[in-house]
1. What Rg and what Dmax come out for region B:94-168 when only alpha-carbon atoms are used, in angstroms?
2. How many partner chain Cβ atoms sit within 10 Å of a residue's Cβ in peptide A:9-18, on average, as a whole number?
3. Springs between alpha-carbon atoms under 10 Å, Gaussian network over chain B: tell me which of B:51, B:100, B:281 tops the mean-square fluctuations.
4. Suppose you put the label 7 Å out from Cα in the Cβ direction; list, shortest first and in nm with one decimal, how far residue B:91 is from each other copy's label.
5. Report, in deg cm²/dmol and to the nearest 500, the calculated mean residue ellipticity at 222 nm for the protein assembly as shown, where each DSSP H run with n ≥ 4 adds -39500 (n - 2.57) and the sum is divided by the residue count.
6. With the radius of gyration and the Kirkwood radius both derived from the Cα set of chain B, what is their ratio Rg to Rh?
7. Report the longest stretch of chain A that contains none of the trypsin sites (Lys or Arg not before Pro) sitting in a DSSP loop with at most 13 other Cβ atoms within 10 Å.
8. So what is log10(I(q)/I(0)) for region B:173-302 at q = 0.16 1/Å, when the Debye sum runs over its Cα atoms only?
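Taken together, the values in this text are just the output of simple stated rules run on the coordinates, not laboratory data. Fair warning: this is a prediction, and the values are worked out from it, not measured in the lab. Using ideal geometry, Cβ is built from the backbone for each residue, glycine included, and neighbour counts are taken over all protein chains shown.
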Protein chains: 2
Amino acid sequence: MSEEISLFNIGVVERETGIGKDTLRVWEKRYGFPLPVRDQHEDRLYPAEQVDRLRLIRRLLDIGMRPAKVVGLSYPELNALLTQTPGDEPVYSAELLEFVELIKAHQAGELKLALNLALLRQGMGDFLSKTIHPLNLLVGDAWLRGEIHVFEEHLYSEQIISVLRTAITTIRNPRGTPRVLLTTLPGEEHSLGLLMAEATLSLSGAYCMMLGVQTPISEIVLAVQAHQADVLTLSFSSAMPAAQVKSGVEQVRKALPETVSLWIGGAGVQKQRNVEPGIQVMGPLSDLTGAVLAWRAAVSSNG
Amino acid sequence: MSEEISLFNIGVVERETGIGKDTLRVWEKRYGFPLPVRDQHEDRLYPAEQVDRLRLIRRLLDIGMRPAKVVGLSYPELNALLTQTPGDEPVYSAELLEFVELIKAHQAGELKLALNLALLRQGMGDFLSKTIHPLNLLVGDAWLRGEIHVFEEHLYSEQIISVLRTAITTIRNPRGTPRVLLTTLPGEEHSLGLLMAEATLSLSGAYCMMLGVQTPISEIVLAVQAHQADVLTLSFSSAMPAAQVKSGVEQVRKALPETVSLWIGGAGVQKQRNVEPGIQVMGPLSDLTGAVLAWRAAVSSNG
DNA sequence: TCATTTATTTTGTCCTAGACATATTTGACA
DNA sequence: TGTCAAATATGTCTAGGACAAAATAAATGA
């Protein structure tokens, strides 16, 4: 009985790694990797090991490395490259590292408990900026080094989402201003950033209308009208290609009335340069609080 | 000054409609639609109107129509086709229709309130089977008829998710059996079905570990090991192509130890035929309750 | 030496045209 | 009416080529 190894066709690999078919084929030609086997019909079949490497490569590209430097490399070479990337590592507090230990130990219940505890102790504002945000970075970093798995990251996200949603419910103000619509564009499926934005905005007294992820552009325009939103907030994760962010945001801006403010944030917008007028780029979450205050000031002076 | 119309390139259309690039090109050749304009480089540029039609077509295909029948049609023709599809329409209660009215009126707060009320009155079990499930069908149906928009569906989903998450938190039992891991495969991004499954399973006394959507297959295997899960539950929405469901599920089954049960459910699995052994297809949500009981019975007789 | 502009390379995404496995439908037969 | 085989419909894969936008390297000037 021969050892059966998992083989994936190009469509599955595209879904599993987020790397497009065209890109996979052109990498094969240019860098000699991935180099899938072929079935009887010359269709590509990627071994699981290559798919794992591709996922790692994807993450390295997301943090700014170039394909020519990483696409050819073997697993050990990739790891060597990773560990020698000290750079600007912030010092993480013991508390944050304890959260990571809980994640690695798969203690979902305890993790959630600890998060809720931190929330109560620090208050929502500090909780978001001093715990959740650095923890996200730390977890992403640990993932990159192969210290934690995707499924552990998923479990972690679920706990955060659960804690944040519960908290947001308690501070929602239906008569708050401005009226903010929150969503992501098609292709962006990460809801965590959006949820953090909702928490921050709600905390600043804004009224939030959450649409979830991946709303088509034309539907966003309709939603803004229907809800008489003053502000549209879009969130982009680091996984989003900068070009896609740029074109998407510009398309939205063009379709929206000028009176509606457009705030964009998340790791995916930090690479953006030369942002068009009428689009406000948010850095840290605290920028949202400032933007809310600025919006109110502008309204009271104009109206 | 000429009227500026929104044009989308093929990559954006793929993301916005969920129809692959290859399919878009081959439809153009075979059915003459969509028929995009071209830029100076012969690259396709799809007008917004065609993208809207594509979204409609996508939905029609999801409910079983064939491309040859619908891909060529104009907007009026599509609508005619829709309204003349009475078929097996169940009679919806007045209460359900009131929910829809709230959705159409964009009364998110009131909608959530009404849902919570129904939950308390009916209890979780009935709430899921007699309110949420038919309401999902009703909303999907209304969407199909153009009576409600995507963004309204999004807002609706958010309220349901919020209500269910809150409720699940209160009935979680860390020592429950069996230990069930819940997630979806890459490509399936709908979390609502998953959440309803979690609610039902928790209600039956199972211990649920929610991984969220789109966990790569290899990671699912690791997660099952790490959490010592007895059961893996995968959810598929109707938007999932049947072929993708089949190959994905079989891949998972092959990679999983035989001792781990595999339960699959959601609208996307109802079309499946000739399901391989070791895979249990769930119909209505109540099947999950039965499966839990059957699992316990099997364990107590075997061990 | 540093900043700014310009040339070169890199890289992702698009193109055409064709092939074929699988799912669905049609037609023949019992 | 039900079952099986032939025909059709459909999505996804292949190859090889092209080019714009982004990133890097080189050249220029202060």
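1. Radius of gyration, then largest Cα-Cα span, for region B:94-168: 11.4, 33 Å.
2. Going residue by residue through A:9-18 and averaging, the value is 4.
3. B:51
4. 7.3
5. Per the formula, -17000 deg cm²/dmol.
6. 1.01
7. With a cap of 13 other Cβ atoms within 10 Å, the longest stretch comes to A:1-144.
8. -0.71
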